[in-house]
Amino acid sequence: MEFLWALIIVSLISFIVVLIIAAIIRYAIDSSKTSRKLDVLIKEVQFLKTEIKKQQSNKQRDDSKHIIDEKV
């Protein structure tokens, strides 16, 4: 019975140590300059995608105007 309790305690301590190590690694990644730069880069890419979509829709509208103007 004592062996079972010792095994449970060792398992819990191991689990807690793993959680602490995971938290330390997560904090290091979140606080690094690289992750901040990556966040900025992702936002810029999203902004560029929306700008490209706007320009494409404007171009399509302009193209459709030309078709109407040519028919008249």
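Of note:
Residue by residue, here is whether (1) of a type in the set (Phe, Trp, Tyr); (2) in a helix (DSSP H, G or I); (3) within 24 Å of the chain's Cα centre (by Cα); (4) modelled with pLDDT under 90 holds:
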site: Ile16; (1), (2), (3), (4): no, yes, no, no
site: Ala28; (1), (2), (3), (4): no, yes, yes, yes
site: Arg36; (1), (2), (3), (4): no, yes, yes, yes
site: Asp39; (1), (2), (3), (4): no, yes, yes, yes
site: Ile42; (1), (2), (3), (4): no, yes, yes, no
site: Phe47; (1), (2), (3), (4): yes, yes, yes, no
site: Ile52; (1), (2), (3), (4): no, yes, yes, no
site: Ile68; (1), (2), (3), (4): no, yes, no, yes
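- Here Leu12 qualifies as at pLDDT 85 or above and surrounded by 10 or more Cβ atoms within 10 Å (Cβ to Cβ).
The values are calculated or read from the model by the stated rules, or taken from the named source; none is laboratory data. Being a predicted model, the structure only gives us computed values, none of them experimental. A quick note on method: Cβ atoms are made from the backbone with ideal geometry, for glycine too, and the neighbour counts reach across all protein chains shown.
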